[in-house]
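Peer 1: Mind having a look at this structure? Questions to follow.
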Amino acid sequence: MSSRRKFIKNSLAASAALGLAGTACADDKKPTVLERSTTPKALSTWNHGLPANEVAMRVMQDGGSALDGAEKGVMVVEADPTGTSVGIGGAPDRDGNVTLDACIMDNEGNAGSVCFLQSIKHPIAVARKVMEETPHVMLAGEGAKRFALAQGFAEENLLTENSRKAWEEWVKTSNYEPVINVENHDTIGMICQDANGNLSGSCTTSGLAYKMHGRVGDSPIIGAGLFVDNDYGAAVATGMGELMMKTLGSFLVVELIRQGANVQEACEEAIQRIVDKLDYKSFQVGYLAMDIAGNTGAYAIHPGFNYAEMVNGKNELIDAKSYINE
Ligand code: ASP
């Protein structure tokens, strides 16, 4: 058993013995009760997290909730045609169709999601509508699009000239080989905490470039691409979605926090779970998490995963630690 695993096991036993819920353990194994932070904070994956954080913080400063921040923040990236992994300009599937996945979760445990959605620029906003306007959690494909149109979203072509040209080049070899850390801006996953201390999160992507038509990744799957438990913490994922789907990684991170791990240990354990069980070497996965005290953690399989953290007016890009060190 690794020392981290022993630690988590010991921490759980200690917490259980003391009857503590919602605790985190410092390295000396003393359980510490997490105090909810009320300092607004935005946390999001990759370089494009910087502009997303700016908008999310502004929304929260203007009185918006963590949910508003998490929605509006990632919309900046969805609307950017130069990003080839989210929203408009996203790389298409192998048949040339841009298909989008997104989900959102609020502080009350409500969730909404869309997957395999085409021709709608802001899947995250549609996911929020699914959460708020339907009795369901997830809508897929044509049904999701029909719902979006009925909600007033416009239909538009999301395949930009650049993405079309890149796809036409790819078609010549049709060699499907997902690249680790594509351009440092894959899926955007975002976690916000507002002035009431509430947590919400969002996750939006065009998925893997040149995936099979119909492929859906982790990003719209509650528990895989995103999970929020407002009593403990929230986590988001980026990278090879199949690995997070097989381990329900974002849920796992939050569950480990609930059981007493600190936020960094929780991210590391969720990566360890992939390493222990799956063929991981040629794939990237990154987890990013925040607990209710505003502590943040991140961990990836490979170096190169970074994230943006904004609090008290300071917006910083930080390199995550990784299981493989190069
Ligand atoms: N997780 C996304 C997916 O598998 C891709 C990514 O993060 O780049 O669809």
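The values are calculated or read from the model by the stated rules, or taken from the named source; none is laboratory data. Since the structure is predicted, the reported quantities are computational estimates derived from the model, not experimental observations. Note that we place each Cβ from the backbone using ideal geometry, even for glycine, and neighbour counts take in every protein chain shown. Protein only, heavy atoms only, side chains kept; ligands, DNA and RNA dropped before computing areas. Shrake-Rupley method; radii C 1.70, N 1.55, O 1.52, S 1.80 Å.
Peer 1: State all residues of region 126-157 that are of a type in the set (Gly, Ala, Ser), closer than 21 Å to ASP68 by Cβ and surrounded by fewer than 24 Cβ atoms within 10 Å (Cβ to Cβ); if no residue qualifies, say none.
Peer 2: Within region 126-157, just GLY152 meets the criteria.
Peer 1: Out of (1) hydrophobic (A, V, I, L, M, F, W, C); (2) at pLDDT 95 or above; (3) within 16 Å of the ligand (Cβ to nearest atom), the odd one out for ALA56 is which?
Peer 2: In the conditions (1) hydrophobic (A, V, I, L, M, F, W, C); (2) at pLDDT 95 or above; (3) within 16 Å of the ligand (Cβ to nearest atom), ALA56 misses (3) alone.
Peer 1: Consider region 42-57. How many of its residues are open to solvent by less than 20 Å² (accessible area, probe 1.4 Å), under 19 Å from ALA298 (Cα atoms) and outside any loop (DSSP other than H, G, I, E, B)?
Peer 2: Qualifying residue count for the region: 7.
Peer 1: Restricting to region 184-206, name every residue that is open to solvent by less than 30 Å² (accessible area, probe 1.4 Å) and more than 16 Å from the ligand (Cβ to nearest atom).
Peer 2: CYS192, GLN193, ASP194, GLY197, LEU199, SER200
Peer 1: As an exercise: evaluate ALA209 against (1) within 12 Å of the ligand (Cβ to nearest atom); (2) at positive phi and give the number of the one condition it does not meet.
Peer 2: Just one mismatch for ALA209, condition (2).
Peer 1: Hey, another quick one. State whether the residues of region 254-268 include one that is free of Cβ contacts under 8 Å to residues at least 60 places away in the same chain and within 10 Å of the chain's Cα centre (by Cα).
Peer 2: no
Peer 1: Continuing with this model, one more query. For GLY260, work out the one condition from (1) buried (at least 22 other Cβ atoms within 10 Å of the Cβ); (2) within 21 Å of GLY201 (Cβ to Cβ) it doesn't fulfil.
Peer 2: Failed condition: (2).
Peer 1: Among (1) modelled with pLDDT of 95 or more; (2) more than 16 Å from CYS103 (Cβ to Cβ), there is one condition SER219 misses while meeting the rest; what is its number?
Peer 2: If we test SER219 against (1) modelled with pLDDT of 95 or more; (2) more than 16 Å from CYS103 (Cβ to Cβ), just (2) comes out false.
Peer 1: Hey, another quick one. Looking at region 303-324, which of its residues are under 17 Å from the mean Cα position of the chain (by Cα) and part of a loop (DSSP other than H, G, I, E, B)?
Peer 2: Passing the criteria: GLY304, PHE305, ALA320.
Peer 1: Give VAL130, VAL137, VAL77 a once-over and let me know the one that is within 17 Å of ASN157 (Cα to Cα) and of a type in the set (A, V, I, L, M).
Peer 2: Matching residue, one of VAL130, VAL137, VAL77: VAL77.
Peer 1: I'd like the residue in region 234-257 that is away from the ligand (no atom under 16 Å from the Cβ) and either at pLDDT below 95 or part of a helix (DSSP H, G or I) (or both) and, out of all such residues, is surrounded by the fewest Cβ atoms within 10 Å (Cβ to Cβ).
Peer 2: The selected residue is GLU255.
Peer 1: Suppose the filter is touching a strand residue (DSSP E or B) at 6+ places or on another chain (Cβ under 9 Å), assigned to a loop (DSSP other than H, G, I, E, B), buried (at least 24 other Cβ atoms within 10 Å of the Cβ) and on the phi > 0 side of the Ramachandran plot; does GLY294 pass it?
Peer 2: Judged against the criteria, GLY294 is not a match.
Peer 1: Taking region 121-161 on its own, how many of its residues are under 20 Å from SER219 (Cβ atoms) and charged (D, E, K, R)?
Peer 2: Number of matching residues: 6.
Peer 1: To continue, here is another question. For region 281-320, give me each residue that is out of contact with any helix residue (DSSP H, G or I) (no Cβ under 8 Å at 6 or more places or on another chain) and either basic (Lys, Arg) or farther than 21 Å from GLN193 by Cβ (or both).
Peer 2: Residues satisfying the conditions are LYS281, SER282, GLN284, HIS302, PRO303, PHE305, LYS314, ASP319.
Peer 1: Can you tell me which residue within region 65-81, out of those that are touching a residue at least 60 places away in the same chain (Cβ under 8 Å) and not in a helix (DSSP H, G or I), is least open to solvent (accessible area, probe 1.4 Å)?
Peer 2: Result: SER65.
Peer 1: On the given criteria, is ASP218 of a type in the set (Asp, Glu) and within 9 Å of the ligand (Cβ to nearest atom)?
Peer 2: Spelling it out, ASP218 is indeed of a type in the set (Asp, Glu) and within 9 Å of the ligand (Cβ to nearest atom).
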